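Below is one structure; the comments refer to it alone.
The values are calculated or read from the model by the stated rules, or taken from the named source; none is laboratory data. No experiment lies behind these values; they were computed from the predicted model shown. Because the Cβ atoms are built from the backbone with ideal geometry, glycine has one as well, and the counts that use them run over all protein chains shown. Calculation scope for accessible area: heavy atoms of the full protein, side chains included, ligands and nucleic acids excluded. Shrake-Rupley method; radii C 1.70, N 1.55, O 1.52, S 1.80 Å.
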Amino acid sequence: MSNEPIPLSKALASFDALWSPRIVARVNDYDVRIAKVEGEHLWHAHDDTDEFFLVIDGELHIALREPDGERTVLLPQGSLFTVPRGTEHKPYAPSGASILMFEPAGTPTVGDRHGDIPDHVDSTTGHALDI
Ligand code: NI
């Protein structure tokens, strides 16, 4: 893990894979991850942790299945949102986005509960940043 400042633009330029987060920092037991996304992720839920999203560039939609029904939140660039633990969610970005996530180290991107994982989605707990 770097002990030097990390320009997010440089970090984002270091990889092209979609839905495949890179770990840019660790804060106590939490990872700060960045990802490039386009198209749909998959419905999943994290049973034991909230999941924080910040949109660096582009626009992210997050579909949510809540007790009162399904809704979608729209996060334009600069917006943040926390998905509560246990809530099924499906991020998607029709026009692409760069996002930052904050969650406990080791949290799987596809959650603890999910359906079939499509080929374009990387099932990972985050990859090391290579810059
Ligand atoms: Ni999630």
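Considering region 53-85 alone, what residues qualify as being in contact with a strand residue (DSSP E or B) (Cβ under 6 Å, 6 or more places away or on another chain) and not in a strand (DSSP E or B)? Lay out the reasoning, then the answer.
Filtering region 53-85 down to residues in contact with a strand residue (DSSP E or B) (Cβ under 6 Å, 6 or more places away or on another chain) leaves 53-65, 71-77, 79-83.
Once the filter is applied, which keeps residues that are in contact with a strand residue (DSSP E or B) (Cβ under 6 Å, 6 or more places away or on another chain) and not in a strand (DSSP E or B), region 53-85 yields 77, 79.
For region 4-30, a residue qualifies if it is crowded, with 20+ Cβ neighbours inside 10 Å and part of a strand (DSSP E or B), and the qualifying residues are 22, 24. With respect to the conditions (1) under 17 Å from residue 42 (Cα atoms); (2) out of contact with any Asp or Glu (no Cβ under 9 Å at 6 or more places or on another chain); (3) without any contact (Cβ under 8 Å) to a residue 60 or more places away in the chain; (4) within 15 Å of the ligand (Cβ to nearest atom), residue 80 lacks only one, and its number is (1). For beta carbons closer than 7 Å, sequence separation of 6+ or different chains, a first residue in region 35-47 that is near the ligand (Cβ under 8 Å from one of its atoms) and a second that is of a type in the set (Lys, Arg), the qualifying pairs are 41/90; 44/113; 45/113; 46/85. On the given criteria, is residue 115 modelled with pLDDT of 95 or more, farther than 21 Å from residue 128 by Cα and of a type in the set (Gly, Ala, Ser)? Considered against the rule, which asks whether it is modelled with pLDDT of 95 or more, farther than 21 Å from residue 128 by Cα and of a type in the set (Gly, Ala, Ser), residue 115 comes out as no. Kindly indicate whether residue 131 is open to solvent by less than 60 Å² (accessible area, probe 1.4 Å) and aliphatic (A, V, I, L, M). Answer is no for this residue.
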